[in-house]
Amino acid sequence: MAYFDLENEVNSALRMDLPLTRGPLMRWQRREQSQVSNSFLNSSSSNSSSVKTPNKSLNRSQSSGTLSKTPKNKTPGSGGRRKTPSNLAKTPSAGDRFIPNRSTTEFDAAHYKLCTQNTISSEDWSMLSPSQQEYKKLMNENLNGDALDKKIISCNMKPPQAPEGYQNNLRVLYSTGKAGVSVKKTTRHIPQQPDRILDAPEILDDYYLRLIDWSAQNLLAVALGNSVYLWNASHGDITLLLQLENAGDEYVSCVNWTEDGSHLAVGLSSGIVELWDPAQQKRLRSMSGHPARVGALSWNSYILSSGCRTGGIHHHDVRVAQHHVGTLLGHTQEVCGLEWSPNGKYLASGGNDNLINIWQAGSGSLLTAGETLHTFNQHQAAVKALAWCPWQNNVLASGGGTADRHIRFWNCNNGVNLGAVDTNSQVCALLWSPEYKEIISGHGYTQNQLTIWKYPTMTKVSELTGHTARVLHMCLSPDGTTVVSAGADETLRLWKCFDIDETAKKTKSKAMKSETSSSLMVHLR
């Protein structure tokens with residue numbers, strides 16, 4: 001019977017007059033049809049009287065113009081009503097494959113960010129005082145909440161993390177195969193060797209004194225024992241300004257220039273403060289009043305403040321005959337640090353009693369009583385290094401001695417400690433760089449180095465070594481590019497650590513000019 005079926009199929013395939021309503025059967029369909037036909041043959045052999053012959057059924061199907069039908073089940077092994085299985089879950093109706101979660105998106109905040117143009121730049125933000133920054137943060141939180149800090153588009157599913165120790169070979173392959181490209185210079189070049197070294201014989205190895213100062217007229221005053229020398233940084237000339245008569249007992253304990261560099265104040269170990277004119281090499285006046293040596297001096301316009309070994313601070317008005325116009329009593333031991341703020345509003349004093357006192361100048365007069373605005377006692381050693389921030393007049397930097405080794409920052413408006421960093425070395429002097437917003441510190445035991453820090457992150461930019469003894473004093477040149485350090489090794493070293501890039505300076509000046517012209521055009525309109 002199988003032979004007849006095969007012959008009939010061959011004959012039907014060779015006939016050209018039948019309509020082609022279906023294409024060739026698939027292999028699995030042919031296999032099922034053969035199984036059905038075999039079962040049909042078996043059943044027909046057992047009960048031949050009740051089943052029609054294959055020839056009649058084949059002729060009937062041929063006469064009707066159709067081939068044999070496909071089995072019931074379309075997919076093998078599947079039920080009659082069962083559809084093709086699918087392992088993929090349907091996409092949720094609330095989202096799509098690009099933004100799966102739209103409920104947590106902040107489209108209003110995104111529209112506000114795109115349309116708002118009066119955003120504060122990082123430079124303008126750094127120029128604001130901490131109180132103003134805090135006020136703006138509070139107003140932003142009250143008005144907008146945390147909407148502006150969130151992501152505009154958020155997703156539910158985060159990408160899986162790579163297993164520990166996994167390395168992407170393709171990334172290594174393509175990164176090594178790339179051609180060399182120019183990399184933007186992230187840090188400037190800072191010479192590790194001093195630009196010049198000067199001898200300073202007989203300079204006193206005393207932590208509590210201030211024996212060098214650089215004037216606005218490019219004159220460096222250096223106190224060596226009982227003498228004061230002036231070094232002209234422009235052409236290198238050295239001049240002896242003064243020499244004390246009592247060479248055995250008396251010595252110069254501190255020097256300090258006026259703001260314009262026309263006069264030099266000199267403090268002596270006898271407690272006398274002298275005022276000198278370097279152009280004429282003449283002493284203008286001598287002001288007494290302290291019972292012990294004067295270790296710190298600071299100018300505020302025509303007022304000269306001097307700190308004594310007994311802990312007292314005197315104010316001298318150099319215009320009048322009665323020069324002593326005020327006294328501040330806030331320290332129990334020697335005053336070794338004294339600095340007026342750039343705006344003349346605050347006076348910071350550091351003492352051997354580990355205290356920092358902040359004094360506020362009154363309207364038209366100075367405080368004459370022992371009333372301090374703030375007193376900071378966080379340092380664990382004498383505080384000699386004091387420096388005011390040039391772009392934030394209320395921020396003070398202070399450095400502690402061997403037992404403390406910390407640099408701390410203070411907001412003198414509200415008396416808040418802004419931060420601290422452990423330098424692991426005695427802090428002898430501090431200087432700010434207004435060009436790069438950095439601070440440089442001079443250290444003693446045990447490394448005797450100069451360290452440049454990036455403010456306010458306080459990350460180390462560079463370390464300058466070369467002194468064989470502790471760095472006692474530091475001064476900044478009038479142009480702000482060179483730092484001179486005086487060490488107990490009787491040398492003065494000049495470091496070009498804040499050299500200004502001329503290209504960046506020209507770009508900055510052009511930007512400032514364009515901003516000025518644009519602001520003028522706005523006002524003209």
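The values are calculated or read from the model by the stated rules, or taken from the named source; none is laboratory data. For clarity, every value in this text was computed on a predicted model and none was experimentally measured. As a convention, Cβ positions derive from the backbone with ideal geometry for all residues, glycine included, and neighbour counts pool all protein chains shown. With ligands, DNA and RNA removed, areas are computed over all heavy atoms of the protein, side chains included. Shrake-Rupley method; radii C 1.70, N 1.55, O 1.52, S 1.80 Å.
For residue 205 and residue 108, the FRET efficiency from 1/(1 + (r/R0)^6), where r spans their Cβ atoms and R0 equals 56 Å, is about 0.25.
Placing R0 at 41 angstrom, the Cβ-Cβ distance between residue 477 and residue 249 gives a FRET efficiency of 0.75 after rounding to 0.05.
Note on residue 356: accessible area is roughly 0 Å² with a 1.4 Å probe, heavy atoms of protein only. Accessible surface of segment 319-432, 1.4 Å probe: 44 percent of it comes from carbon and sulfur atoms.
For residue 459, the solvent-accessible surface with a 1.4 Å probe is about 70 Å², rounded to the nearest 10.
Between residue 227 and residue 141, full extension at 0.36 nm per residue minus the direct alpha carbon distance yields a gain of 24.9 nm.
Sorted largest first by accessible area at a 1.4 angstrom probe radius, with every protein chain in place, the residues 136, 384, 437, 282 fall in the order 282, 136, 437, 384. Computed extension length for residue 457-residue 418: 12.9 nm, one decimal, from 0.36 nm per residue of separation with the Cα-Cα distance subtracted. With K and R counted +1 and D and E -1, the other residues having a Cβ less than 14 Å from that of residue 385 yield a net charge of +3. Ordered by 1.4 Å accessible area with all protein chains kept, 195, 317, 499 run largest first as 195, 499, 317.
Each Lys or Arg adds one and each Asp or Glu takes one away; over the other residues whose Cβ falls under 11 Å from the Cβ of residue 485, this sums to +1. Under the simplified labelling scheme, the residue 322-residue 131 pair shows an inter-label distance of 3.5 nm, with each label point 7 Å from Cα along Cα→Cβ. For the residue pairs 136/384; 345/437; 136/460; 384/454; 136/437, alpha carbon separations beyond 25 Å are given by 136/384; 136/460.
Counted by Cβ distance under 13 Å from residue 347, the other residues give a net charge of -1, where Lys and Arg count +1 and Asp and Glu count -1. Taking 0.36 nm per residue of sequence separation and removing the Cα-Cα distance, the residue 34/residue 371 pair yields an extension gain of 110.1 nm. The chymotrypsin sites (Phe, Trp or Tyr not before Pro) of segment 364-444 that meet both conditions, a loop assignment by DSSP and at most 14 other Cβ atoms within 10 Å of the site Cβ, are 391.
Measuring with a 1.4 angstrom probe and ignoring ligands and nucleic acids, residue 324 comes out at about 90 Å² accessible.
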